[in-house]
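These notes concern the structure reproduced below.
The values are calculated or read from the model by the stated rules, or taken from the named source; none is laboratory data. Values in this document were obtained by computation on a predicted structure and should not be read as measured data. Virtual Cβ from ideal backbone geometry, glycine too; neighbours counted across all protein chains shown.
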Amino acid sequence: MEIAREEPHANVVRAWERGRLRIGTTWYEGHVIVSADRVITGWEVSSPLEIGRSTLEPAVALAPEIILLGTGPDVILPNVELMAELAAESIGLEIMTTPAACRTFNLLLNERRRVVAALFNPA
């Protein structure tokens, strides 16, 4: 599925498929964390249910105002305390499917928001 057509001023998610996604002209396999200027590959998470504050540390380290958590093809809610833990650090958390997180990331990026997407993307 193609997600964005405009020329990027930053890391725009251009396409998504199960197990991989394209940021700019590069395809990335597996789970990634992406911000306007960084792509972190090799995000070690085996299930959205195991995602907690420590698992999201690479995303938090990028100093976002909001983290979009893509949980794969289905919405899977992680530990309920996670949202409160991040809110205590003034970071919003939105949980959605990975394709929806990719689209939302692009929209917020276009608005020049400090957004990070943590994308769980199983094959």
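Among the residues of region 78-123, those identified as among the small types (Gly, Ala, Ser), without any contact (Cβ under 8 Å) to a residue 60 or more places away in the chain and under 16 Å from GLU17 (Cβ atoms) are ALA100, ALA101. Identify, please: which residue in region 59-90 is under 14 Å from the mean Cα position of the chain (by Cα) and assigned to a helix (DSSP H, G or I) and is, among those, surrounded by the most Cβ atoms within 10 Å (Cβ to Cβ)? It comes out as ALA59.
Do we find that LEU107 is part of a helix (DSSP H, G or I), surrounded by 14 or more Cβ atoms within 10 Å (Cβ to Cβ) and modelled with pLDDT of 95 or more in this structure? Considered against the rule, which asks whether it is part of a helix (DSSP H, G or I), surrounded by 14 or more Cβ atoms within 10 Å (Cβ to Cβ) and modelled with pLDDT of 95 or more, LEU107 comes out as no. Check region 36-58 and report whether any residue there is in a strand (DSSP E or B) and either of a type in the set (A, V, I, L, M) or under 25 Å from ARG22 (Cβ atoms) (or both). Within region 36-58 (the criterion being in a strand (DSSP E or B) and either of a type in the set (A, V, I, L, M) or under 25 Å from ARG22 (Cβ atoms) (or both)), the answer is yes, since at least one residue qualifies.
Listed by first and then second residue, the pairs with beta-carbon distance under 9 Å, at least 6 apart or on different chains, first residue in region 43-69 and at positive phi and touching a residue at least 24 places away in the same chain (Cβ under 8 Å), second outside any loop (DSSP other than H, G, I, E, B) and surrounded by 13 or more Cβ atoms within 10 Å (Cβ to Cβ), are ALA63/VAL116.
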